[in-house]
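Quick note: the coordinates plus some simple rules give every number you see, no bench work behind them. No experiment lies behind these values; they were computed from the predicted model shown. Glycine gets a Cβ as well: all are built from the backbone with ideal geometry, and neighbour counts include every protein chain shown.
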Amino acid sequence: MVPGYEKTSRWSYTNSVHAALTLSSSGSATATTSVDGYQNITTKIIVYTYLQKLVGNEWTNVDSASHTAYSWHAAYEDSLTSVPWGHDYRTRNSIYVYSGNSYENIVFYSNIHHYHSTSDHSNCVN
C-alpha cells in the first residue's frame, strides 16, 4: 500500500472487468468486453457498451450495444459503426453485476484511440 493513496475499492460481486476497442485501418470499430464475477455469488451480468467520440472537450455516444448473461461470466465482441478519421475514440462500459436482487454498477473505459490521418496531426488530441 502506497502512503497517501486510497485503496482501490473491491467489488462485491465482480472479480475482474476487461474492455478494449479495436479500430481497423478502414474505420470499423470492434469492442470487446469481459466480466468475471464469482461462482455461486454472481447471478446475472448486464453490459452496456457505448462507442464514444471526442468532440471538443466532450465525449459523445456514436453507437451502442447491450447484452445480458445469466451467469457469473460474460464475454462479448461487438462490431460497431464505422468511424471517420480525425477523432479520438473510446468505449464506455456500464456494467450491472447482480447477486440475486442486489447489484453493483461499474463504469469502465477502454483505452483512447487516436484515429487520425498519418499526414495531418493538426486536430489530434494527445
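Quick one: if the Förster radius is 22 Å, what FRET efficiency do N105 and S71 give, using the C-beta to C-beta distance and rounding to 0.05?
0.75
Which FRET efficiency, nearest 0.05, do H116 and N61 yield, Cβ-Cβ r, R0 25 Å? Walk me through the numbers on the way to the answer.
Values: r = 20 Å, r/R0 = 0.81.
Efficiency, rounded to the nearest 0.05: 0.75.
Which distance in nm do the two modelled labels at Y48 and S12 give, with both placed 7 Å along the Cα-to-Cβ direction?
Here the answer is 2.0 nm between the modelled labels.
How large is the Kirkwood hydrodynamic radius of segment 1-102, counting all unique pairs of alpha carbons, in Å?
Taking every pair of different Cα atoms in segment 1-102, averaging 1/r and inverting gives 15.1 Å.
Stokes-Einstein diffusion coefficient for segment 62-111 at 37 °C in a medium of 0.692 mPa s, Rh from the Kirkwood formula over Cα pairs: what value in µm²/s?
249 µm²/s
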